[in-house]
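The values are calculated or read from the model by the stated rules, or taken from the named source; none is laboratory data. What you see is a predicted model, and the numbers here were worked out from it, not measured in a lab. Cβ sites come from the backbone with ideal geometry, for glycine too, and all protein chains shown count toward neighbours. Ligands, DNA and RNA are excluded from the accessible area calculation, which covers all protein heavy atoms including side chains. Shrake-Rupley method; radii C 1.70, N 1.55, O 1.52, S 1.80 Å.
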Number of protein chains: 4
Amino acid sequence: MLNFASDYTEGCHPDVLAALTRTNMEQLTGYGTDIYTTSAKKKIQTAIGCPEADVFFLTGGTQTNQTVIDTMLQKYEGVVAVETGHVNVHEAGAIEYSGHKVLALPAHEGKMDAAELDAFVSAFYADADHDHMVFPGMVYISHPTEYGTLYSKAELLALHEVCSRWKLPLFLDGARLGYGLMSLSTDVTLSDIAALSDVFYIGGTKVGALCGEAVVFTKHNTPRQFVTMVKQHGALLAKGRLNGVQFDALFTDDLYFRIAKNAIERAEELKAVFRERNIPFFISSPTNQQFLVLPNTVLAKLDKAGVLYSRWQPADSDHFVVRFCTSWATTSEQIRALAACLDA
Amino acid sequence: MLNFASDYTEGCHPDVLAALTRTNMEQLTGYGTDIYTTSAKKKIQTAIGCPEADVFFLTGGTQTNQTVIDTMLQKYEGVVAVETGHVNVHEAGAIEYSGHKVLALPAHEGKMDAAELDAFVSAFYADADHDHMVFPGMVYISHPTEYGTLYSKAELLALHEVCSRWKLPLFLDGARLGYGLMSLSTDVTLSDIAALSDVFYIGGTKVGALCGEAVVFTKHNTPRQFVTMVKQHGALLAKGRLNGVQFDALFTDDLYFRIAKNAIERAEELKAVFRERNIPFFISSPTNQQFLVLPNTVLAKLDKAGVLYSRWQPADSDHFVVRFCTSWATTSEQIRALAACLDA
Amino acid sequence: MLNFASDYTEGCHPDVLAALTRTNMEQLTGYGTDIYTTSAKKKIQTAIGCPEADVFFLTGGTQTNQTVIDTMLQKYEGVVAVETGHVNVHEAGAIEYSGHKVLALPAHEGKMDAAELDAFVSAFYADADHDHMVFPGMVYISHPTEYGTLYSKAELLALHEVCSRWKLPLFLDGARLGYGLMSLSTDVTLSDIAALSDVFYIGGTKVGALCGEAVVFTKHNTPRQFVTMVKQHGALLAKGRLNGVQFDALFTDDLYFRIAKNAIERAEELKAVFRERNIPFFISSPTNQQFLVLPNTVLAKLDKAGVLYSRWQPADSDHFVVRFCTSWATTSEQIRALAACLDA
Amino acid sequence: MLNFASDYTEGCHPDVLAALTRTNMEQLTGYGTDIYTTSAKKKIQTAIGCPEADVFFLTGGTQTNQTVIDTMLQKYEGVVAVETGHVNVHEAGAIEYSGHKVLALPAHEGKMDAAELDAFVSAFYADADHDHMVFPGMVYISHPTEYGTLYSKAELLALHEVCSRWKLPLFLDGARLGYGLMSLSTDVTLSDIAALSDVFYIGGTKVGALCGEAVVFTKHNTPRQFVTMVKQHGALLAKGRLNGVQFDALFTDDLYFRIAKNAIERAEELKAVFRERNIPFFISSPTNQQFLVLPNTVLAKLDKAGVLYSRWQPADSDHFVVRFCTSWATTSEQIRALAACLDA
């Protein structure tokens, strides 16, 4: 079976599993007060070039988005995101459940345009009725986006500038951050992200861990009693070590970056496979998610061969937009096997 | 001073005030259990041609929208509305505050298109990921809309048909219902609304009362313990008589309809005033809200004369879209005075 | 019919109704921006001796408690109240609906003990686990309490002192404040309340108005965007004049105090009626709510005579605790008629 | 270092780790649709003797309590629990955050009394005002309780009977269920729990897993769209395998019960150590949590020796109530070492 359906099909990277195994019988204190969690925080502070950052570990992406957004917003505020943003469409209303509106802007291949953001906030404050409206309270972007695309450094700077002007915290969802950082065509570094965002997270679930997302507050802006609110959201692990040990391993010897690089290299091979067969790309993605427009006949062939992928949306009556993901675990053999299936 | 800024500039209709005065010193039971509330409910059941309807009185529009939507939705559901719907833009996030997402469709002069609704719900259920998305749980429309426009009976029937097919309750916000029913160009009756919606409200605040909206559940579909949840929302008046007496008066001798008719007659006079002066309408409204595109020079003149209206949005650098409202209290003299100001 | 069931059985005081009638046809701006609301705020600032206080008008008690508590608390905080506090038992969970726990202390004839409050907060911070607990974020008391009792000035000072020490805002629910201020045995003035609490409200619904509660923030501590959050709670009246005109009348020529005084005088007559007949008091109340322990045989007699009162709780198999209320509208004739019923 | 502070100081049981290791590189589908999750569900259905039960895996105790309670309650309902219940004191208000009140009853060594529950619900419905109060909507108990105590089968039956009579679902928090089932003095089996409760969970975090709680709905009563609401709560793991593989291992060859038995055997040794030294027990616990009243001088000695335990509450000026936990990982050597420290 070839499975390109998502980037969370395997367990964790063997080095992460080795760390869990090595530390398994140690007796550690709970709720993220253990030595491995402390060590992981330090390594992340170093990696992002921001020693005074506050780092916390949560378990999954939706949980992280809900907790960060809810704890940073005032009750009368909503979060600005693009229409295709994960918080707007694929979190079962987790943001609204916590009492806040998602204020949706147009998406450009999954990305927010800084000028449109500026215009939106400007129009809000210009509206005589804005006291009866939801105040924009922070800005949410994902990097890579839900379509695998990336912000350039200039684009991030522009968003940062608009956010600063309107005093809106910029929150960067990095569920797939490693794949973004290792992209061949990015000019954005981890330090850039730490500098230009107010809070972001480094995704573990999709980049080598069994679970876990590292939330980073970079501007001395951690909400008061954050841990209490994490608990209130049902998001505080008793065995915080589970996240701590994994991130400690991921940020030892650049493991996080090395394994993300594999996904990018395999994605380039995957792109070549489709390019050589003249299969059109739905979107040009420089990361590990690739969106193709495939004839239904080809999909039927892949289905028969047991190849797994994600169905995105119909293109026309004869074609479907589908997603193929690579990950830290994908091998060149798997890519070649996919090519063989396409050619069969 | 001429005030066309809204349809809630006066207190209540003199007949409503007379009823409040006449009953003022009577000792009545609280929380809507009094005889006037009971009488008002019966009169409304008769007026809508639905004797088994359940009627409740709340105090204002946003409160009513929040309470009805929150109590009818399951926790995993959101409400479908058009982008310009009051619940989506002008209620300070009251729906999201209660935990539910507003699923926004395009607006067509403030109205929802039945085919677009059908396509939206159909696409939702066709999406393999819909378990991770907010389920459409009810449909909200306003009639008249926020732009003064009205659904035709055919349009309401089409929405009703789509809602029935998908088992979605149809909720009609009638904050200005009287003005819609008395429009010269409508083919929709109060009985039609009772038959075609699952829940609707008859607005009092903007049609002759000091406050109050009559919520009507027409299909034996009142949420269990509705009064308890009204209390939980902070929406239960101790002196429920305040709403009951007012609606009892409004539904005596067709007062509600007669006073709404005045607003429509004055709106027609107002439209003539603008038409004769070749001032373009932003939208063609058959009810008491009229949207005009006025040169800034004219607005300056009106401002100087102390004429009040609502500023809606810039049209271009020289013009602004503004709203003029008539109401049950507007007089022909006021319309003539406005004409004089325009000609001054 | 004699109705002592509550203090909200009539409409509004005739002088309040006269003000509503006098201003009814004036065209005023909405949402509390009208001249009568402004005037009422000034009169209240004067009456409480705190010209810099912020005053807002809401419509009912539960709504006011929910809105004030939710907007003043951080998300990780709860409100401390006594077990018998209105917010803890008779608001259908309105506080929890807004996301906050009521932290209940023992009640002493409806009152909170300052030493117990201090011990509770002290124990909270002494608990090593308090990061996993709900933080006490403000203190709620009612004055008069749900049992008609009053805090002495010394008791209020003690609570104020404890609250100040722990930096907890003190919120005083004054749904029946007038009756407390006019009690024959109180040493607490309106200025004392303004000085010793951080936020309180002056009840209108139960003291002469059709509806309305005046919320007063006394320490430059109004939550940011309070009006937006009032709207979000569904608590903002379009015709804010309804509250403004009524409070403007109530605070003209001491009307609020004069009519409250009537309730107290009638309550003293009522107490004499029961005392003279050796009917025991359940609690000693110096305000307009009187709690008696009556034999079921006597209650049956009153029921037959059509006398209305509130049933509180069983005392023993032969007796029931019942409540009789007087109000601004109660007359000596009604008290005498009740006495006649008892003697019949 | 000797660590008796909690029962979640180690990672997972070696057999659980072996299962994670063995399956680590398999490509599995996400969100709990994988084969190990399916297998674990079947094994649990068998173990509880209820093949038609619905089983779901969540990550931690507070998350599970919040999700189960919120999704089973109507919006106007609260959950009945004892004052010392975890949901009432140690979850940072997670239940209230989701909009529901915890209705607290007295605790008897951590347990709820069926007669008191019956009296509470009975009084609620007898109260004429109950429409203005929070409706009891379900009953929460923990087994073992927060004090290590257990319900007898007769006590569970009595609670079941009261709950059935009032149509209240009975929810049993089994965060430490294994330790309860293996207690030497219990007469309650896992099948009894499945039969007598409406929903319960089998705790993994404290009984051999890195994380994970198995929620079991036993009466065809899973809330509609439960998975969507789990997602909405931020509680759905992308790699659902993490929970599935662990529970699959725990319910293979009775591992869950065997490792829980170790904790009980070590607890009995621990009790003997204290008994022999005449150290009084604060409460008589038949499970893995032991509460002792220790002189501060002895605690100082233990602290110096690096022995970890939990400080519960002051007993008097010279003594403190402390908790010692054993777990699946505790050894007899550790117990003997503790004894040596006490004797040093």
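Axis between A and D by rotation; chain A residue with nearest Cβ and distance in whole Å recorded as A:Thr59, 3. The H on the amide N of D:Glu83, modeled in the peptide plane, is under 5 Å from the matching H of D:Leu105, D:Ala107, each at least 5 residues off or on a different chain.
In terms of overall dimensions, the C-alpha atoms belonging to chain B reach 59, 58, 34 Å along their principal axes, ordered largest to smallest. Summing both sides, the accessible surface hidden between D and A at a 1.4 Å probe radius is close to 4200 Å².
Placing R0 at 56 angstrom, the Cβ-Cβ distance between A:Thr331 and D:Arg165 gives a FRET efficiency of 0.35 after rounding to 0.05. Of all lysines in the structure, the ones whose alpha carbon falls short of 27 Å from that of B:Lys42, not counting any fewer than 8 places away in one chain, are B:Lys153, B:Lys206, B:Lys219, B:Lys231, B:Lys239, B:Lys261, C:Lys239.
What residue among C:Leu250, C:Leu58, C:Leu168 has the largest mean-square fluctuation in a Gaussian network model of chain C, using Cα springs under 10 Å? Of the options given, C:Leu168 has the highest mean-square fluctuation. Partner shielding of A:326-334 amounts to 1, given as the average count of beta-carbon atoms from other chains within 10 Å of each residue beta-carbon. What is the distance in Å between the Cα centroid of the range B:228-257 and that of the range C:71-139? Cα centres, the range B:228-257 to the range C:71-139: 34 Å. Per residue, the protein assembly as shown exposes an accessible area of 33 Å² to a 1.4 Å probe, with every protein chain left in place.
Note on chain A: GNM, Cα springs under 10 Å; of A:Glu109, A:Glu161, A:Glu26, the largest mean-square fluctuation is that of A:Glu26. Here the simple spin-label model places points 7 Å from the Cα toward Cβ, and for B:Ala126 and C:Lys301 these points are separated by 7.8 nm. With a cut-off of 11 Å, note down the residues of the range A:155-198 whose backbone N falls inside the zone around a label point 7 Å from the Cα of A:Glu52 toward its beta carbon. No residues fall inside that zone. I'm checking a number: the convex hull volume of the Cα atoms of the protein assembly as shown, normalised per residue, in Å³. What is it? In the protein assembly as shown, the Cα convex hull volume per residue is 180 Å³. Say R0 is 60 Å: what FRET efficiency, to the nearest 0.05, do C:Glu116 and C:Met25 get from their beta-carbon distance? So, using R0 = 60 Å, E works out to roughly 0.65.
Looking only at the range D:1-144, where both bridge partners belong to it, what percent of the DSSP beta bridges are antiparallel (to the nearest 5)? Show your work: numbers first, answer last.
Numbers: 1 of 9 bridges.
Beta bridges within the range D:1-144, antiparallel portion: roughly 10 percent.
Each part reduced to its alpha carbon centroid, the range D:156-180 and the range B:1-67 end up 47 Å apart. DSSP finds beta bridges in the range C:150-294, and of those with both partners inside it, around 75 percent are antiparallel.
How would you classify the range A:96-151 from its alpha-carbon gyration tensor, with a ≥ b ≥ c the square roots of the eigenvalues: rounded for a/c under 1.5, else prolate if a/b is greater than b/c, otherwise oblate? Oblate, because a/c is 1.5 or more while a/b does not exceed b/c.
Note on the range D:222-280: Kirkwood radius taken over Cα pairs, Stokes-Einstein applied at 20 °C and 1.002 mPa s, translational D equal to 142 µm² s⁻¹. Highest-first packing order for the peptide set C:301-307, D:115-121 is D:115-121, C:301-307, based on the mean count of other beta carbon atoms within 10 Å. Taking the average, over residues, of other Cβ atoms within 10 Å as the packing measure, peptides C:92-98, B:189-195 rank C:92-98, B:189-195 from highest down.
What's the average, rounded to a whole number, of partner chain beta-carbon atoms within 10 Å of each residue's beta-carbon in B:126-139? If you can, show how the numbers build up before the last one.
Details: counts 2, 5, 3, 5, 4, 9, 14, 8, 11, 5, 0, 0, 0, 0.
Counting Cβ atoms of other protein chains within 10 Å of each residue's Cβ and averaging gives 5.
Less than 5 angstrom separates the built amide H of B:Gly32 from those of B:Gly240, B:Arg241, all sequence-distant by 5 or more or on a different chain. The ellipsoid that matches the Cα gyration tensor of the range A:130-268 has semi-axes, each √(5λ) in whole angstrom, of 26, 22, 12, with the longest given first.
Surface calculation, 1.4 Å probe, protein heavy atoms: D:Phe135 sits at approximately 10 Å² accessible. Each Cα pair under 8 Å and six or more residues apart adds its separation to the average, and for the range A:188-344 the resulting relative contact order is 19 percent.
Shape call for the range D:59-175 from the C-alpha gyration tensor, a ≥ b ≥ c root eigenvalues: rounded (a/c under 1.5), prolate (a/b greater than b/c) or oblate? Before the final figure, lay out the partial values.
Working: a/c = 1.69, a/b = 1.08, b/c = 1.56.
Taking the square roots of the gyration eigenvalues as a ≥ b ≥ c, the range D:59-175 is oblate.
In terms of the Cα gyration tensor, with a ≥ b ≥ c the square roots of its eigenvalues, is the range C:121-186 rounded because a/c is under 1.5, prolate because a/b exceeds b/c, or oblate?
It is prolate, given that a/c is not under 1.5 and a/b is the larger ratio.
Against the empirical curve 2.2 N^0.38 Å, the C-alpha radius of gyration of the range B:179-229 lands at a ratio of 1.34.
Determine, from the Cβ-Cβ distance of B:Ile279 and A:His108 and an R0 of 45 Å, the FRET efficiency 1/(1 + (r/R0)^6), rounded to the nearest 0.05.
Details: r = 38 Å, r/R0 = 0.85.
The formula returns an efficiency of 0.70 here.
Scoring C:229-237, B:124-132, B:35-43 by mean Cβ neighbours within 10 Å over their residues and listing the highest first yields C:229-237, B:35-43, B:124-132.
Evaluating 6.51 cos²θ - 1.76 cosθ + 1.60 at θ = phi - 60° for every residue in the range B:257-271, the Karplus couplings come out as 6, 5, 6, 5, 4, 4, 4, 5, 4, 5, 5, 5, 4, 4, 4 Hz, glycine and proline recorded as x.
Across peptide B:113-125, the mean count of Cβ atoms from other chains lying within 10 Å of each residue's own Cβ comes to 0.
Modelled this way, with points 7 Å down the Cα-to-C-beta line, the labels at D:Ala344 and A:Cys341 are 6.2 nm from one another.
Of the solvent-accessible surface of the protein assembly as shown, computed with a 1.4 Å probe and all protein chains present, 54% belongs to carbon and sulfur. What accessible area, in Å² to the nearest ten, does a 1.4 Å probe give for A:Phe251? That residue has around 20 Å² of solvent-accessible surface.
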